[in-house]
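Step one of this worksheet: look at the structure below.
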């Protein structure tokens, strides 16, 4: 396997240091929310920086106001991985109740945010891995312990459920 | 709307949802967490050269092990035999840790350290003759004190004062001597049956001076011991070539060369504390003694020479705790583990377990009494005082939502302890500002982690 240089030059390294300085403490606090353990939170933060370095070419192209959400998803993912080592596996929720809209005047993206926040965490996890971190189905299968065909089915179903909900509420136009 | 456009919106929605979910910790004041020393060392390496750090972290475990094994084989074939032939009393460490003085501190680094530094000298002063015999702890070494009257009829059956004879240990049993902070002691028999042990090795001292007990394990595989006067002793073992150890205040003029098991070692005395650093074929070790009286050189060397590889024990969990309790810290090493909790009122309590060969566990409280934990015998030390936030200490931590939280450390007089040993030869301890019933309830819920 060819190991690519993740940070190609001093400029990349300078940007990485800026990102690190801006977000290290925040990532720790988020990891603590999930893991409730200082030691595990440190591990989650370290794993997150591994991910950042690995995907730095993509990350440095993100607008600064989008970067925060991206890093939150990374540390969530790292924390969930550590949490799985502590807990028994719960059954995967095949369906969930979509909440009613908070307001009649919300836009499509805001409505999507509402639905996503009500989504069971296990469902949300694989969709985040696919649509935010852009992992392949094989990578998602390895992380979650599912087989790739199950991952594919659940991604497709989750996406369709979101589209159907938006369509029923008049948001999704063909 | 085409699929690509929807997927782009979906991505934006997931990002916004993630930010909304953690809005509070993201917006909280940027207070610096109390990073552990190992984390700070790793961070230093990462920021110095992120690519190099990434490549090392991302190597599969089997590759790391293969590389280490290859290094061992190569070094052994080239140097080890020659060194043994030239100086049979000196064992050359295959993986030498490097020592560097910065002027205000000493730095010990694994062989993967990027900066070239002076190596530990292979020659050692002529080894001092060992003491004629190792002092060994035997069940008869100290007098046994009778326990106080039991609290319940079930416990009455366990005590000598009830008129029953405590059975002599059988040939395959050993006796554990347990002490409280006030030097009360009690002997309880332990069935030393074959334990289900994991394959991972664990290096720990197997001898300690009288009165020293194992208090806790910490995250970087450090063991902390304490004595009845509040003295502390920290032991570390590192088998990673990427680790390093930095001790402020240790300068070159304070260095004394000694030997541990025929191998050159570094000893220091500084500001009332004593330090010993040494290595063998696989590991780098340290002992640091201080706080209200340190152990002298002879004792540190004796402890170092007793370090052995112990059998591992399974990880254990506490499945019942008082309402509102939560775990805030944990550390598991092959020979034991420790989990730190706070209860619903934010008082700390600790659950510790260790292989019985790892040493006696630290207890707080007064006047030990026999109790029953499941089908095991245990010892309970009651706290002389009820817990009171007026006494003891408090710490402030950043809690889940980014706000600050005050947690209470009970003073010694407010802490009770329950210690027992199961049939697999693992000793457990629960310490906290609780009554006996609460400790026994927690003890009854202990189980091996699945």
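Any read-out appearing in this document is the output of simple, stated calculations on the displayed coordinates, not a laboratory observation. Here the structure is a predicted model, which is why all the values come from computation and not from measurement. Backbone-built Cβ (ideal geometry, glycine too); neighbour counts: all protein chains shown.
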Please check: in the Gaussian network model of chain A (C-alpha springs, under 10 Å), which one of A:99, A:120, A:148 has the largest mean-square fluctuation. A:99
Prolate/oblate/rounded label for region B:330-450 (Cα gyration tensor, a/c 1.5): oblate
Among A:133-145, B:325-337, how do they line up from the highest to the lowest mean number of other beta-carbon atoms within 10 Å? B:325-337, A:133-145
Extension reserve of the residue A:167-residue A:110 stretch, reckoned as 0.36 nm per residue once the Cα distance is removed: 19.1 nm
Going fewest to most other Cβ atoms within 10 Å around each Cβ, A:14, B:99 line up as A:14, B:99
Quick one: the Cα spread of region A:2-88 along its three principal axes, in angstroms, biggest first? 41, 32, 19
Test item: A:58-68 mean partner chain Cβ contacts at 10 Å: 1
Relative exposure of A:20, A:38, judged by other C-beta atoms within 10 Å (fewest first): A:20, A:38
Any chance you could give the angle, 0 to 90 degrees and rounded to 10, that helix A:108-118 forms with the longest Cα principal axis of chain A? 80 degrees
Full-stretch length increase - residue B:323, residue B:37 - with 0.36 nm per residue and alpha-carbon distance subtracted: 99.7 nm
Number of partner chain Cβ atoms within 10 Å, mean per residue of A:41-51: 4
Simple SL model, points at 7 angstrom along Cα→Cβ for residue A:54 and residue B:306; separation in nm is 4.5 nm
What shape does region A:106-168 take by its C-alpha gyration tensor, where a ≥ b ≥ c are the square roots of the eigenvalues and a/c under 1.5 counts as rounded, a/b above b/c as prolate, and the rest as oblate? prolate
Taking chain A and dividing mean pair separation by its residue count, relative contact order in percent (alpha carbons under 8 Å, at least six apart): 17 percent
Please work out how much length the chain gains when fully extended from residue A:139 to residue A:157, using 0.36 nm per residue of separation minus the C-alpha to C-alpha distance, in nm with one decimal. 4.6 nm
Mind checking the angle between helix A:10-35 and chain A's longest principal axis? C-alpha axes, 0 to 90 degrees, to the nearest 10. 50 degrees
Using R₀ = 45 Å, calculate the FRET efficiency as 1/(1 + (r/R₀)^6) where r is the Cβ-Cβ separation of residue B:253 and residue B:8; round to 0.05. 0.10
For A:30-36, what's the mean count of beta carbons from other chains sitting within 10 Å of each residue's beta carbon? 5
What shape does region B:268-338 have by the C-alpha gyration tensor, where a ≥ b ≥ c are the square roots of the eigenvalues, rounded means a/c under 1.5, and otherwise prolate means a/b greater than b/c and oblate the rest? oblate
Kindly put B:421, B:251 in sequence by how many other C-beta atoms sit within 10 Å of each C-beta, fewest to most. B:251, B:421
